[in-house]
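The values are calculated or read from the model by the stated rules, or taken from the named source; none is laboratory data. The shown structure was predicted, so the numbers you read here are calculated from the model rather than taken from an experiment. Reconstructed Cβ throughout: ideal geometry from the backbone, glycine too, with neighbour counts over all protein chains shown. Just the protein is used for accessible areas: all its heavy atoms, side chains included, with ligands, DNA and RNA removed. Shrake-Rupley method; radii C 1.70, N 1.55, O 1.52, S 1.80 Å.
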Amino acid sequence: MAKKLFIPGPVEVHPDILQAMATPMVGHRMAEYATLHGRVTTGLKKLLATEAKVFLSTSSAFGAMEGAVRNLVAGRCVNFCNGAFSDKWHDVTRRCGKEADAVKVEWGKPITAELVDEALATGKYDSLTLIHNETSTGVMSPLPEIAAVLRKYPDVVSIIDTVSSMSALPIPVDELGIDCCIFGVQKAFALPPGLAVFTASEKALARARTVEGRGYYFDFLEFEASDAKNNTPSTPCISLIYAMDKQLERMFAEGLDQRWARHRALADFVRGWVSDRGYGFFAEEAYRSMTLTCAVNSRGTDLAGLKKMLGERGFAFDDGYGKIKGKTFRIPHMGDMQRSDLEEFLAVIDECLAVLG
């Protein structure tokens, strides 16, 4: 039995999106694909509020994250770490043979502007990586405040992961001054996984031109050359790009302000349920994610049992990630979810909790 997905990604995919993926195939070097590609990147630029290059990569977001490290770290990188995925990015940076330091804070805490300022003030770094919304902990770091600090360090290239936040709230890439903004599509975009999007500012492209050993598959300069022809260096996942085209159309039809307001309302609704049921929050109030809530299992609920019961009733449930598995659980509220979807899911959780005690 297929379960309805209430995990932090992949999330449920709307039937319109699945239908778009059944669009008859075209060749990726045909004019029809170039038209599709140009329409999608133009829509993404509108969503991201950017005039920078926007590239489509057939990979998970971590492919683009590794590519950014290979292309943009010329000297030494600082990786800001506050959860499983930001910790992993430091490991990836080192595995790419780059000099890197991890600035770590306790899981559940944000990366603050002060922390970024303190690290960059040393003058040791020409690049940084930061995850805006740490999916493992439900912590959203204050990106506008961090961006304000970055303006003090114009020689530092910023590589920002917005994997589980992009499209759920405004992230104006150019206004914030982000050099490379990276995200996947299986979370707030509510598409099947397999497509990553990344931007490259003129500063980022200039840096890439000075860096040796960029590889090929994620070479920013190869992407730049292909972008001039509304194309990609390698064969793209055309069906997913059809899906992105349809989702952008749906997003603009809903209206971006309305989309962002819907995500805020869903977050408030889930937080209210968590609080009313006597659970705590892993993130401090000011830094709680807009796309998922990471609740503390302060009631000592048998989360493995709850996950099993929900699965038997047709729902996929997340009982925490990594070292906080079983101590926390995560409820997503992103993508195409409506309040009615969450009401249905939380009502079934309530039924299961009544049985579990």
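Among Lys4, Lys45, which is free of Cβ contacts under 8 Å to residues at least 60 places away in the same chain and surrounded by fewer than 19 Cβ atoms within 10 Å (Cβ to Cβ)? Don't jump to the end; show me each part of the working.
On the way: Lys4 fails: free of Cβ contacts under 8 Å to residues at least 60 places away in the same chain.
Selected residue: Lys45, the only one of Lys4, Lys45 that is free of Cβ contacts under 8 Å to residues at least 60 places away in the same chain and surrounded by fewer than 19 Cβ atoms within 10 Å (Cβ to Cβ).
Of all residues in region 81-108, which are farther than 23 Å from Glu224 by Cβ, within 20 Å of the chain's Cα centre (by Cα) and assigned to a helix (DSSP H, G or I)?
Ala84, Phe85, Ser86, Asp87, Lys88, Trp89, His90, Asp91
The rows are residues; the columns are (1) modelled with pLDDT of 95 or more; (2) of a type in the set (S, T, N, Q); (3) in contact with a Cys (Cβ under 9 Å, 6 or more places away or on another chain).
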{"position": "Asp126", "(1), (2), (3)": "yes, no, yes"}
{"position": "Tyr153", "(1), (2), (3)": "yes, no, no"}
{"position": "Thr162", "(1), (2), (3)": "yes, yes, yes"}
{"position": "Phe183", "(1), (2), (3)": "yes, no, no"}
{"position": "Ala196", "(1), (2), (3)": "yes, no, no"}
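Restricted to region 212-223, and to residues that are surrounded by fewer than 17 Cβ atoms within 10 Å (Cβ to Cβ) and in contact with a helix residue (DSSP H, G or I) (Cβ under 8 Å, 6 or more places away or on another chain), which residue is farthest from Glu32 (Cα to Cα)? So that I can check it myself, show each step before the final result.
Filtering region 212-223 for residues surrounded by fewer than 17 Cβ atoms within 10 Å (Cβ to Cβ) gives 212-213, 215-217, 221.
From what is left, the residues that are in contact with a helix residue (DSSP H, G or I) (Cβ under 8 Å, 6 or more places away or on another chain) are 213, 215-217, 221.
Values: Gly213: 33, Gly215: 29, Tyr216: 25, Tyr217: 23, Leu221: 24 Å.
Per the stated criteria, the residue is Gly213.
Grab the helices (runs of 4 or more DSSP H) fully contained in region 1-80, keeping just those with 3 or more residues being in contact with a strand residue (DSSP E or B) (Cβ under 6 Å, 6 or more places away or on another chain). Spell out how you get there, then give the answer.
Details: elements: 15-20, 31-48, 61-72.
Ranges flagged: 31-48, 61-72.
Of these, Gly75, Gly63, which one is more than 22 Å from Ala147 (Cα to Cα) and among the small types (Gly, Ala, Ser)? Spell out the reasoning first.
Working: Gly75 fails: more than 22 Å from Ala147 (Cα to Cα).
Sole residue among the options that is more than 22 Å from Ala147 (Cα to Cα) and among the small types (Gly, Ala, Ser): Gly63.
What is the one condition in (1) of a type in the set (D, E, K, R); (2) over 28 Å from Pro110 (Cα atoms); (3) assigned to a helix (DSSP H, G or I) that Arg271 does not satisfy?
(2)
Can you list residue pairs whose Cβ atoms sit under 8 Å apart, with the first residue in region 49-61 being under 15 Å from Leu176 (Cα atoms) and the second being open to solvent by 50 Å² or more (accessible area, probe 1.4 Å) and not in a loop (DSSP other than H, G, I, E, B)? Count only pairs 6 or more apart in sequence or on different chains.
Ala49/Asp174; Ala49/Glu175; Thr50/Asp174; Glu51/Lys45; Glu51/Asp174; Ala52/Lys45; Ala52/Asp174; Ala52/Glu202
Testing Gly213 on (1) touching a residue at least 24 places away in the same chain (Cβ under 8 Å); (2) assigned to a helix (DSSP H, G or I), one condition comes back false. Which one is that?
The one condition Gly213 does not meet is (2).
Can you tell me which residue among Leu191, Leu176, Leu195 is over 18 Å from Ser60 (Cβ atoms), of a type in the set (A, V, I, L, M), in contact with a Pro (Cβ under 9 Å, 6 or more places away or on another chain) and in contact (Cβ under 8 Å) with a residue 24 or more places away in the chain?
Values: Leu191 fails: over 18 Å from Ser60 (Cβ atoms); Leu195 fails: over 18 Å from Ser60 (Cβ atoms).
None of the other options fit; the residue is Leu176.
Kindly list the number of the only condition in (1) in contact with a His (Cβ under 9 Å, 6 or more places away or on another chain); (2) part of a helix (DSSP H, G or I) that fails for Asp245.
That leaves (1) as the condition not met.
Open to solvent by 50 Å² or more (accessible area, probe 1.4 Å), part of a helix (DSSP H, G or I), touching a residue at least 24 places away in the same chain (Cβ under 8 Å) and under 29 Å from Val69 (Cα atoms): is that true of Lys229 in this structure?
On the way: open to solvent by 50 Å² or more (accessible area, probe 1.4 Å): yes; part of a helix (DSSP H, G or I): no; touching a residue at least 24 places away in the same chain (Cβ under 8 Å): yes; under 29 Å from Val69 (Cα atoms): yes.
Criteria not met by Lys229.
When the residues of region 86-107 are narrowed to those that are under 16 Å from Ser136 (Cα atoms) and in contact with a strand residue (DSSP E or B) (Cβ under 6 Å, 6 or more places away or on another chain), which ends up surrounded by the fewest Cβ atoms within 10 Å (Cβ to Cβ)?
Lys104
Let's see how each residue does on (1) part of a loop (DSSP other than H, G, I, E, B); (2) open to solvent by less than 70 Å² (accessible area, probe 1.4 Å); (3) out of contact with any Phe, Trp or Tyr (no Cβ under 6 Å at 6 or more places or on another chain):
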{"position": "Ala283", "(1), (2), (3)": "yes, yes, yes"}
{"position": "Thr293", "(1), (2), (3)": "no, yes, yes"}
{"position": "Thr301", "(1), (2), (3)": "yes, yes, yes"}
{"position": "Met309", "(1), (2), (3)": "no, yes, yes"}
{"position": "Met334", "(1), (2), (3)": "yes, yes, yes"}
{"position": "Glu343", "(1), (2), (3)": "no, no, yes"}
{"position": "Ala347", "(1), (2), (3)": "no, yes, yes"}
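Picking from Cys81, Cys77, which residue would you name as being touching a helix residue (DSSP H, G or I) at 6+ places or on another chain (Cβ under 7 Å), open to solvent by less than 40 Å² (accessible area, probe 1.4 Å) and more than 17 Å from Gly213 (Cα to Cα)? Lay out the reasoning, then the answer.
Values: Cys77 fails: more than 17 Å from Gly213 (Cα to Cα).
Of Cys81, Cys77, the one residue that is touching a helix residue (DSSP H, G or I) at 6+ places or on another chain (Cβ under 7 Å), open to solvent by less than 40 Å² (accessible area, probe 1.4 Å) and more than 17 Å from Gly213 (Cα to Cα) is Cys81.
Would you point out the residue of region 263-278, among those that are touching a residue at least 24 places away in the same chain (Cβ under 8 Å) and not β-branched (Val, Ile, Thr), that is surrounded by the most Cβ atoms within 10 Å (Cβ to Cβ)? Steps first, answer last, please.
Filtering region 263-278 down to residues touching a residue at least 24 places away in the same chain (Cβ under 8 Å) leaves 263-267, 269-270, 273-274, 277.
Filter once more, keeping what is not β-branched (Val, Ile, Thr): 263-267, 269, 273, 277.
Details: His263: 21, Arg264: 14, Ala265: 12, Leu266: 24, Ala267: 21, Phe269: 16, Trp273: 20, Arg277: 15.
Ranking the qualifying residues of region 263-278, first place goes to Leu266.
Could you grab the pairs with beta carbons closer than 6 Å, sequence gap of 6+ or different chains, first residue in region 73-94 and of a type in the set (S, T, N, Q), second one part of a helix (DSSP H, G or I) and crowded, with 17+ Cβ neighbours inside 10 Å?
Asn79/Trp89; Asn79/His90; Asn79/Thr93; Thr93/Val69
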